[in-house]
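Below is one structure, written out as structure tokens, with a few remarks after it.
What follows is calculated from the coordinates using simple rules that are stated; it is not laboratory data. Every value quoted in this text rests on a predicted model; they were computed, and no experiment measured them. Here the Cβ is made from the backbone with ideal geometry for all residues, glycine too, and neighbour counts use every protein chain on show.
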Amino acid sequence: MLASLRQNLLLKAVSLLASVLLYGYVQAERDPTITRAMAASVRIVNPGSGQEVETPTSSVEVSVTGPKNIVERIKDNDVTALGDLNGKSVTEVTTLPVRLRFSADTLLPDMRKDLSFDPPVSSVRVTIFPQQNRRLPVSARFAKHPPAGYIYGPEEITPSFIRIAGRADRLARVSEVVANAAPPVSGANIEGDFTLSARDSDDNPIDGIVLDPGIVHVRVLLVEEPDSKELLVSPNFQGQPPPPYKIEGVTVTPGEVKITGRWGQLSHVSQLLTEEISLREMTESKTVDASLQLPANVAVQDKEGHTITHVTVHITVARLSPSPSGATSGLASPPATTTKP
């Protein structure tokens, strides 16, 4: 038996080798190994809490080698280039390289094990942006076209301040946070919950900003539009200086003001008096800060639009010269009032 096996041993070895080669050739022809270049989508995972990551590219090139029937199933971006930051946390904007691991996750595990990846680059540089926040006031935006005779009153916004969060470069662009409010019908009161929007100085919305809360309650009521008129301020003098003194001049600052209120209140007001200013003990020039006598629910403004409740009254006092007979010359007369705007 052993003798027969040893016969033509070389020939048998050659035949076995040829059979193996033939089997490999047939298998290779039936499912040959090929290499394809394709795009792999870049995905960065596990950044630090609240941080955002930017990559210079969304995909990288990679050569995939494996059985033809598997490789030909793969499309661009079926291969993932995965970069793991392992929870890395930064306090300022940071750029660093991240190693990439390639995988065709769309394939079954027994198919993936027959593939190999050969990328021209094995890492990509990423920029990490830490999360920051700001506290900003909220303003209401609405079409200000009330019915004739009415105006919109003060805006009531709840909450009036909110917190915004995001990348530092985006937060720096935020100029205001607005609630796009609108009445249910034209010319009505405004009241309801409205969505907020972060806007830049050109009124463009800024993406990537988290607003907390994202909705506020806005209430703006219609009120009657007040009328206004301009009036002179008159000092309300009481008595006269003791002899031999007289009032030589009076200057009121501001001397002319604008009063605002309902027409029924303003129609009978022709002048605006100060509080009583006594002249009985006045023997020298004096400047008095005098409050105004204001009708109820009437506001007073100066020429610059500032609301005022007092005016300044400067009173010039002169001493009368004695006459040759020993009596003082001149008769007491009402002081001349000069107004200043």
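Brief remarks follow.
- Relative contact order computed over segment 17-129 (Cα-Cα under 8 Å; 6+ residues apart), in percent: 31 percent
- Other-chain or far-sequence residues with amide H under 5 Å of S285's (modelled H): V317
- Listed peptides 160-169, 118-127 by packing density, highest first (mean Cβ within 10 Å): 160-169, 118-127
- For K144, the aspartates and glutamates whose Cα comes closer than 17 Å to its Cα, not counting residues fewer than 8 places off in the same chain, are E155, E156, E191, E224, E225.
- For segment 170-175, backbone phi angles converted through the Karplus equation (6.51, -1.76, 1.60; θ = phi - 60°) give residue-by-residue couplings of 6, 4, 5, 7, 6, 9 Hz, Gly and Pro being listed as x.
- For segment 93-100, Karplus couplings with θ = phi - 60° (6.51, -1.76, 1.60), whole Hz, Gly/Pro x: 4, 9, 10, 8, x, 10, 6, 9
- Distant-in-sequence amide contacts of L272, defined by a placed amide H-H separation under 5 Å and a gap of 5 or more residues or a different chain, comprise L232, S234.
- About the Cα centre, charge dipole magnitude for segment 132-224 (Lys/Arg +1, Asp/Glu -1 at Cβ), debye: 260 debye
- Highest average first, the peptides 250-256, 58-64 ordered by how many other beta carbon atoms sit within 10 Å of their residues are 250-256, 58-64.
- Set of aspartates and glutamates with alpha-carbon distance to K75 below 14 Å, sequence-local pairs under 8 removed: E61, D105
- Value of Rg/Rh across segment 17-129 [Cα atoms, Kirkwood radius]: 1.16
- Per-residue Karplus couplings for segment 160-166, computed as 6.51 cos²θ - 1.76 cosθ + 1.60 with θ equal to phi - 60°, are listed in order as 7, 10, 9, 10, 10, 9, x Hz, Gly and Pro entered as x.
- Nonlocal amide H pairs with D200, under 5 Å, H built at 1.01 Å: S175, I206
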